Amino acid sequence: MMSHSKAALTDEELKSRYAWTLDRKIEESCLRIIDWHSRFGGRVSVSFSGGLDSTVLLDLVRNKCGYSEEMGKTTTFSAKSAADGLLVLATAGMQADDAMQALPTVMHMATVAAGEMGSAIPDIKQSADTLLTIMNSSGFKSSNLAAISDVIVTTAQSSMTTVNAVGESLKRS
């Protein structure tokens, strides 16, 4: 568990945190939320004012932290990998609900690609990026991601190439 003995950050700590990447800020925020949830036995709530801060916090609690944790428990992916995939989808402009619906498709494609490469660690970020690039460049909608993934996987499995190679080829066309 995190230590919360200090009430305020020093100027150096604050400057350091400003320099964090968005990935790191989301990860740290989710860790803090999970810590508080655990510390108080789940008896926590979000006070929602409708402002930007409470909207972001509510989104993190509802969609990113909770869903990532669930995916980490119910799939072969870690919660961190699930969060990485959601982040790639969200930063590409997908709404949270669409990103959560698309994540299992991205995970499946990453798993197949990893199996072809003999890799123990599927690259969820690469699969998400590939699917999003093809979707956006071809004018498809997020509801088409499963079909795009199926075409890539089927083409790779029925030929002498890999999922990543087919994906890269489609990204360039």
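Okay, here's what the table says:
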quantity: Extended-chain gain in nm, criterion 0.36 nm per residue less alpha-carbon gap, Thr91 and Ser45; calculated: 13.9 nm
quantity: Distribution of pairwise C-alpha distances over region 65-168, 5 Å bins, in %; calculated: 2, 14, 26, 25, 19, 10, 3, 0
quantity: Highest to lowest packing among 67-79, 14-26, 150-162, scored as the average C-beta count within 10 Å; calculated: 67-79, 150-162, 14-26
quantity: Inter-label distance, nm, simple model (7 Å from Cα along the C-beta direction), Lys73/Thr161; calculated: 4.1
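Where a number appears in this text, it was derived from the coordinates with a stated rule and is not lab data. In this text, all values refer to a predicted model and were calculated from it rather than measured experimentally. Virtual Cβ from ideal backbone geometry, glycine too; neighbours counted across all protein chains shown.
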